[in-house]
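Working notes, structure below.
Derivation of every value follows stated rules applied to the coordinates shown; laboratory data play no part. Note that the structure is a prediction, hence the values are computed from the model and not measured. Because the Cβ atoms are built from the backbone with ideal geometry, glycine has one as well, and the counts that use them run over all protein chains shown.
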Amino acid sequence: MYLSTEQARALELLDGRDARVDQLRAPVARQLHDRGLIDADGAVTAAGAAVVEVIYAQRFADGVAEMKARIRHHRLGRPGG
């Protein structure tokens, strides 16, 4: 399922209880609700929680790949990049 950056961030904030649904832009909240990721009162559904787990896993994998690239770059004698 494709989510825009704004939708993904909003879902993360709702999942972490760092934001309330009334703090989101109305179109974003409506899209998340229409996709079944949040319920009517703004609570994250099981499907929404699964999407958040995928977001976190992808972010972790991206971080690992970046660190591996930095280590390779450093080994080639180009520190700092």
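Here are the numbers:
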quantity: Any pair with Cβ under 7 angstrom, 6 or more apart, that starts in the range 10-36 at a residue that is farther than 16 Å from residue 52 by Cα and ends at one that is aliphatic (A, V, I, L, M) and assigned to a loop (DSSP other than H, G, I, E, B); calculated: none
quantity: Flag for residue 33 being surrounded by 13 or more Cβ atoms within 10 Å (Cβ to Cβ) and over 15 Å from the mean Cα position of the chain (by Cα); calculated: yes
quantity: Any hit, the range 55-75, residues being exposed (fewer than 10 other Cβ atoms within 10 Å of the Cβ) and of a type in the set (Asp, Glu); calculated: no
quantity: Near pairs, Cβ below 8 angstrom, 6+ apart or cross-chain, from the range 46-65 (small (Gly, Ala, Ser)) to any residue that is assigned to a helix (DSSP H, G or I) and surrounded by 10 or more Cβ atoms within 10 Å (Cβ to Cβ); calculated: 48/11; 48/14; 48/15; 48/32; 49/15
